[in-house]
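The next block holds one structure in the form of structure tokens; read it before the comments.
The values are calculated or read from the model by the stated rules, or taken from the named source; none is laboratory data. Bear in mind that the values here come from a model prediction, so they are computed numbers and not experimental data. Positions of Cβ are backbone-derived with ideal geometry, glycine not excepted, and every protein chain shown enters the neighbour counts. Surface accessibility is based on the protein's heavy atoms, side chains included, excluding ligands, DNA and RNA. Shrake-Rupley method; radii C 1.70, N 1.55, O 1.52, S 1.80 Å.
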Amino acid sequence: MRYHTHIATSIAAGAGVAIQTDVAFTFPYVVGIAIGSLLPDIDEPNSYVGRRSFGLAKVIKSIFGHRGITHSLLVCGLIFYLYQLYSYEWLFGIACGYIFHVIGDFFSKRGVPLFWPIVRKKIKSPLTYETGKPSEQLIFYIAIGLIIYFLYKYSLYSQLF
Ligand SMILES: [Zn+2]
């Protein structure tokens, strides 16, 4: 999934969380989601975040490989744990965005090593899309449509500022 699709699907999912729970759809929460939805690809020097990582992406990739440790439930859990320690709204956003990214990649053809390091094999959904192909474009537009729908139908925009 390319970075804009990760941001769009994650914000759409984050809006869904805000509608279903008492989480407020605030600006720090949404910005956190956008940042969190990009972070797992810090293991790929050519990704949006990797190109801005001052070489960190190269190091992580050489140790763990692309879609290794950063795409595991272990790291998702660690970030949620951080949120338990420091309950900032933006940190909750980052944790949500992070896990939405991993879920997004779970639906891609290449899959993700969800249970790293216990099971290193990449696991994927039975129903997948191909990165950069029309199926991903479609997902992007559906996500944008959902965000607009949620914003107006549930007046989420009123919580933003
Ligand atoms: Zn990824």
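What to note about this one:
- Among residues of region 51-88 being farther than 26 Å from Ile118 by Cα and in contact with a helix residue (DSSP H, G or I) (Cβ under 8 Å, 6 or more places away or on another chain), the one that is least open to solvent (accessible area, probe 1.4 Å) is Ser53.
- Restricting region 117-141 to residues that are closer than 13 Å to Arg67 by Cβ and in contact with a strand residue (DSSP E or B) (Cβ under 9 Å, 6 or more places away or on another chain), the residue that is nearest to the ligand (Cβ to nearest atom): Thr131
- In region 79-91 there is at least one residue matching the filter, namely being assigned to a loop (DSSP other than H, G, I, E, B) and touching a residue at least 12 places away in the same chain (Cβ under 8 Å).
- Listed by first and then second residue, the pairs linking a residue in region 7-21 that is more than 20 Å from Glu136 (Cα to Cα) to a residue that is hydroxyl-bearing (Ser, Thr, Tyr) and open to solvent by 40 Å² or more (accessible area, probe 1.4 Å), with Cβ atoms under 7 Å apart and 6 or more places separating them unless they lie on different chains, are Ile19/Tyr154.
- Scanning region 99-116 for residues that are under 12 Å from the mean Cα position of the chain (by Cα) and more than 8 Å from the ligand (Cβ to nearest atom) turns up Ile99, Phe100, Ile103, Phe106.
- Condition met for Ser47 (assigned to a loop (DSSP other than H, G, I, E, B), within 16 Å of the ligand (Cβ to nearest atom) and out of contact with any Gly (no Cβ under 9 Å at 6 or more places or on another chain)): yes
- Residue match in region 51-64 (condition: aromatic (Phe, Trp, Tyr) and within 16 Å of the ligand (Cβ to nearest atom)): yes
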